[in-house]
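What follows is one structure encoded as structure tokens, with my remarks underneath.
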């Protein structure tokens, strides 16, 4: 039987996930929002657009959430709770703060099967269907969700009950965003010191400084393109605030997070909040 899926949040990340669900033969409904471009692209390959939650939630097997932050997700959960049928599976890709997914689970209660699945990877990996899923849920709900997760994840990993996914995702981001900050400052130093960037990258990627962040930023910067790391400054600030809250009782980690956070907060204050982080190389 073809599974019927609804999706809230087809933005940077959600678009690729939703696209892969359609390509893997799921029936998909999306709800209208201000950015029509991704919705129009999905409609061309079979998505159905609706303009209200009643129509979105009618006759579905699974609901995906992929929104900007915890407050937005909680607001949506409170609004749709009474409209969701008992036993519905909710897969939440939102990157939550340390307690966000627990609050979501509390709102939905036991009548809804709630699974948190923040992901590692960016919009490119989402569209290619090779994200890494970080799962927090009951084991039974995880088993039920695998058919959907396989549509857009290269791998997915079960970390325990709801709450463990959010914490694991934030620690992954602690590593990736810290590395990205060093990469941005390194490339700025390379360019300021008139070092050949292409040769530098060829050498650097052979050593222990190699990383996904380095390749995303450097390979494009060599071509004069500073949009290789598709993640906005505003989103980095949000994630680093979540991370800072999570590890506030770990002195050294807290200091590193505070330093990275100040870097992006200053960029935001200077009017660069909507830029991609890799564009800060030129700021």
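The values are calculated or read from the model by the stated rules, or taken from the named source; none is laboratory data. Treat the numbers as computed from the prediction; the structure is a model and nothing was measured. Here the Cβ positions follow ideal geometry from the backbone for every residue, glycine too, while neighbour counts run over all protein chains shown.
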Seminar exercise, completed: Reported set for the range 2-33 where residues are out of contact with any strand residue (DSSP E or B) (no Cβ under 9 Å at 6 or more places or on another chain) and either at positive phi or not assigned by TED's automatic domain parsing to the domain that holds residue 95 (or both) is 25
For this session: Inspect the range 227-248 for any residue being surrounded by 14 or more Cβ atoms within 10 Å (Cβ to Cβ) and more than 27 Å from residue 133 (Cα to Cα) and give the result as yes or no.
Result: no
Problem set entry | strands (runs of 3 or more DSSP E) contained in the range 34-145 and holding at least 1 residues touching a strand residue (DSSP E or B) at 6+ places or on another chain (Cβ under 9 Å), under 29 Å from residue 242 (Cα atoms) and touching a residue at least 40 places away in the same chain (Cβ under 8 Å) | 62-65, 89-92, 113-116, 131-135
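Condition check ((1) touching a helix residue (DSSP H, G or I) at 6+ places or on another chain (Cβ under 6 Å); (2) crowded, with 21+ Cβ neighbours inside 10 Å) across all residues:
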position: 21; (1), (2): no, yes
position: 32; (1), (2): no, no
position: 40; (1), (2): no, no
position: 43; (1), (2): no, no
position: 48; (1), (2): no, no
position: 52; (1), (2): no, no
position: 58; (1), (2): no, no
position: 62; (1), (2): yes, yes
For this session: State the number of residues belonging to the range 73-99 that are within 19 Å of residue 7 (Cβ to Cβ) and within 17 Å of the chain's Cα centre (by Cα).
Result: 9
Exercise. Based on what the data block shows, is residue 248 in contact with a helix residue (DSSP H, G or I) (Cβ under 8 Å, 6 or more places away or on another chain), farther than 15 Å from residue 172 by Cα and without any contact (Cβ under 8 Å) to a residue 24 or more places away in the chain?
Worked result: yes
Exercise. Does the range 202-226 hold any residues that are over 27 Å from the mean Cα position of the chain (by Cα) and surrounded by 14 or more Cβ atoms within 10 Å (Cβ to Cβ), and which are they?
Worked result: 204
